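Enquirer: Supplied in structure tokens, the structure appears directly below.
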Amino acid sequence: MAQPLMPHATAAWLVDNTALSFAQIADFCGLHILEVQAIADDTAATKLTGRDPVRAHELTMDEIERGQKDPNYRLKMLKGPDQVRRTKGPRYTPVSKRQDKPDGIAWIIRNHPEISDGAISNLIGTTRTTIAAIRDRSHWNIANIVPKDPVTLGLCSQRELDAVVAKAAKAAGIEAPVDSRLEGDRSALIESLRAERAARDAAPEEVPSFEDPFRR
């Protein structure tokens with residue numbers, strides 16, 4: 001199914017401007033429902049600027065109204081501008097998030113050892129050399145690497161992670177873990193996301209020092 005060009009920004013707009021359910025928004029944007037929940041509670045890593053899918057010719061107001069009347073209705077996307085397709089090669093990660101990659105890799109290695117280095121490389125957008133160094137603890141910054149969920153860090157979506165975990169579990173002949181977070185205390189999950197973001201914002205930012213080559 002086609003997805004909006006900017007799924008997270010589109011989800012933010014739909015949360016703020018419509019009465020659609022989180023499940024409908026998640027389905028239309030190709031996101032996990034917990035990601036939409038985080039956007040709605042403003043616990044995402046950064047405050048998103050909404051993108052109007054109606055002005056982008058990806059959705060009509062009539063379609064939105066149909067969805068608001070029927071919670072089980074799945075929104076149908078109009079043919080929008082051609083989307084950029086990923087070609088073979090490493091995933092692009094914004095510069096601001098690249099420092100988080102080792103933490104995300106360490107989390108996957110610790111929680112899902114059945115996932116191959118190649119699959120981690122494609123999911124996170126890193127090299128097998130880096131993964132191997134973290135796996136055998138020879139990475140230059142291993143003392144400061146703290147395993148963190150790559151979805152929380154914004155390195156991949158929950159759907160992408162779930163798909164990789166399921167595929168690796170099938171190949172290894174083990175039962176894939178079931179995401180039961182939606183069955184538990186949702187407020188506790190949101191508080192956990194909020195606490196992680198607060199801790200990240202409170203951490204002092206290192207400012208690199210550069211020596212002036214013209215100073216004597």
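Enquirer: Given the condition assigned to a helix (DSSP H, G or I), surrounded by 15 or more Cβ atoms within 10 Å (Cβ to Cβ), aliphatic (A, V, I, L, M) and modelled with pLDDT of 90 or more, answer yes or no: does some residue in segment 33-42 qualify?
Expert: Among the residues of segment 33-42, not one is assigned to a helix (DSSP H, G or I), surrounded by 15 or more Cβ atoms within 10 Å (Cβ to Cβ), aliphatic (A, V, I, L, M) and modelled with pLDDT of 90 or more, which makes the answer no.
Enquirer: Do the conditions hold for GLU58, that is, is it surrounded by 10 or more Cβ atoms within 10 Å (Cβ to Cβ), modelled with pLDDT of 85 or more, of a type in the set (Asp, Glu) and not in a loop (DSSP other than H, G, I, E, B)?
Expert: Considered against the rule, which asks whether it is surrounded by 10 or more Cβ atoms within 10 Å (Cβ to Cβ), modelled with pLDDT of 85 or more, of a type in the set (Asp, Glu) and not in a loop (DSSP other than H, G, I, E, B), GLU58 comes out as no.
Enquirer: Filter segment 63-106 down to the residues that are part of a helix (DSSP H, G or I) and of a type in the set (A, V, I, L, M, F, W, C), then identify the one that is modelled with the lowest pLDDT.
Expert: Across segment 63-106, the extreme among qualifying residues is VAL95.
Enquirer: Pick from segment 153-172 the residues that are assigned to a loop (DSSP other than H, G, I, E, B) and in contact with a helix residue (DSSP H, G or I) (Cβ under 6 Å, 6 or more places away or on another chain): which of them is surrounded by the fewest Cβ atoms within 10 Å (Cβ to Cβ)?
Expert: Restricting to residues being assigned to a loop (DSSP other than H, G, I, E, B) and in contact with a helix residue (DSSP H, G or I) (Cβ under 6 Å, 6 or more places away or on another chain), the top hit is GLY154.
Enquirer: Another question, then. Take the residues of segment 107-134 that are among the charged types (D, E, K, R) and not in a loop (DSSP other than H, G, I, E, B): which is surrounded by the most Cβ atoms within 10 Å (Cβ to Cβ)?
Expert: ASP117
Enquirer: Those residues that are farther than 23 Å from ALA172 by Cβ, touching a residue at least 12 places away in the same chain (Cβ under 8 Å) and polar (S, T, N, Q), I need them from segment 131-162; list them, please.
Expert: Residues satisfying the conditions are ASN141, THR152.
The values are calculated or read from the model by the stated rules, or taken from the named source; none is laboratory data. A quick note: this is a predicted structure, and the numbers were derived from the prediction, not measured. Quick reminder, even Gly has a Cβ in these numbers, built from the backbone with ideal geometry, and neighbours come from all protein chains shown.
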